[in-house]
Amino acid sequence: MIKKFLFLLPLLSVLFFSCKKQETPDAKFTFTATLQSSNHVNLSWAAVKLAEFKNITVYRSSTPIPDPTFQTPIDGNLIVDIITDKTITSFNDSNFSVGSSGAVYYKLVLNLNNRFIVSELEQVSFNAFSLILPSTVSQFGNSFATATLSQKNSLYVINYSQGTISLIDYVQKKIMVTTNFSASNIGGVVYATIDNGSPELFFIVNNTEIVCYDGVTLNPKYSVFASNSIMDFKVKNGFLYVLNYGGNLATYNLSSQSLVNQIQINNSGNSNNLGLFTGNFTNQLYVKYSTQMNTYQPSTNTYIYSYKNVLLSYNLANGIPSTYTNLNIAALNIDTLNSNNINSGSYCHLSSDGKYLACNQSGDVYSFVDNSTHNIRSSNNFNPYASFSDDGKFVMGRINIGGGNSNFPNSTLMDVYALPGFNLVTSLKTLNTGQFTLSNDFMTNDTLISYNIAQNFTSGQTISTLTVLFKKID
């Protein structure tokens, strides 16, 4: 809890100024700003008993608010409320975004019959930090890929444009190491894991090559070459599993980087949205794909095209996928997982412990613990993405719409549910107000992490600033 007390000077010494020509007063209106939770700040002040009371204007900004002067009044766009009842002595704010410094700033203006007293600036700090990411001179923006390894408090940031990989320890709040890579074409899948006790970072290069970097030193270790373009991959117990666009599941032994098994998972040739999941709860490997279904309509002599999502569960025998089961679960069937749009199946993913499966964008989460479906849809997030904590304690739901969209005013709220009961614990603000990806807001043990990368162009150089906000889930 953060409290900062300001001291009220005698009102007789106030230098008043008009509402159109503001000047800095000699006295300040006193209030306190108290952080109640990561998305709730309480402002409070003493009751104003003067007959001249007209209103109190509350200003809020993600950057410091300067005192008004004759030439520069306070920006009216920063007004969050105007209080006209003198008996009201507090204001609860829960609709804000923190700045790059991890703070929110408030200033109050007391209106006494069009004469004003301006408060001191109140700053509410969050458990957050900002870092300038390594960059070279460029007149263009940068694109990034990210991965997290919560067991090591690690956030990996890959700068495609600059050709750098940075390891950030978000507990120590600093960049631990940065390295360069020379690959010209990196795929979008980036995966960090601890395999056989060794932290490692994997990503795709030139569509058919998977490279491995040491997760601590960021030194390159080895590459594995696939015969077809890679759609998705996972690593478990010294084996690399790769799905390609042709519908093949290939298994590589990482000690020798050699192919040891290959399975054709779909013979139709119409595979899309391939996904691969594995976890520690069971010795299973899950494969999801969408297959095209063509239905001939004799009346119109045409075909109706739709897509059906299939989820296969492979048993792993000494690391090799063997027999499989086509999971026929209500939450995973065509009615709830997919309509006629292939993309509605792309939100499926498994929790890191393998106990829970996010089924769709409608908030359905299947639990392999109680073999039932649970829904995390709420008034905040009507069509939520689901993200899981690594320790299996929590699942989070958030909508994939930027916070600036007026049709979704609560789209930056993250609903956090405790597992296995799926009880709502809290709703928190996110730093990431753009398109949501699972790595922008994630939970590490019982701490919620939110981060974004902001860019600005200064003196011929693109400056990339990483901001990280984390909050203990009570």
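The values are calculated or read from the model by the stated rules, or taken from the named source; none is laboratory data. Bear in mind that the values here come from a model prediction, so they are computed numbers and not experimental data. Virtual Cβ from ideal backbone geometry, glycine too; neighbours counted across all protein chains shown.
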Test for Asn77: is it in a helix (DSSP H, G or I), at pLDDT 90 or above and over 17 Å from Phe29 (Cβ atoms)
yes
Looking across segment 254-283 at residues that are on the phi > 0 side of the Ramachandran plot and out of contact with any Leu (no Cβ under 9 Å at 6 or more places or on another chain), the single one that is modelled with the highest pLDDT is Asn273
Log entry, pairs with first residue in segment 303-324 being among the small types (Gly, Ala, Ser) and modelled with pLDDT of 90 or more, second being outside any strand (DSSP E or B) and surrounded by fewer than 17 Cβ atoms within 10 Å (Cβ to Cβ), beta carbons closer than 7 Å, six or more apart or on different chains, reads Gly319/Asn237; Gly319/Gly238
Restricting segment 73-91 to residues that are farther than 19 Å from Ala51 by Cβ and either touching a residue at least 40 places away in the same chain (Cβ under 8 Å) or touching a His at 6+ places or on another chain (Cβ under 8 Å) (or both), the one surrounded by the fewest Cβ atoms within 10 Å (Cβ to Cβ) turns out to be Ser90
When segment 205-250 is checked residue by residue, the ones that are in a strand (DSSP E or B), surrounded by fewer than 20 Cβ atoms within 10 Å (Cβ to Cβ) and β-branched (Val, Ile, Thr) are Val205, Val211
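This table checks each residue for (1) more than 12 Å from the chain's Cα centre (by Cα); (2) surrounded by fewer than 17 Cβ atoms within 10 Å (Cβ to Cβ); (3) of a type outside the set (S, T, N, Q); (4) more than 22 Å from Gln162 (Cβ to Cβ).
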site: Lys429; (1), (2), (3), (4): no, no, yes, yes
site: Asp441; (1), (2), (3), (4): no, no, yes, yes
site: Thr447; (1), (2), (3), (4): yes, no, no, yes
site: Ile453; (1), (2), (3), (4): no, no, yes, no
site: Gly460; (1), (2), (3), (4): yes, yes, yes, no
site: Ser464; (1), (2), (3), (4): yes, no, no, no
The lone condition Val58 fails out of (1) part of a loop (DSSP other than H, G, I, E, B); (2) closer than 16 Å to Glu120 by Cα; (3) out of contact with any Pro (no Cβ under 7 Å at 6 or more places or on another chain) is (1)
Flagged in segment 371-397 as among the charged types (D, E, K, R) and either surrounded by 17 or more Cβ atoms within 10 Å (Cβ to Cβ) or in a strand (DSSP E or B) (or both), in numbering order, are Asp390, Lys393
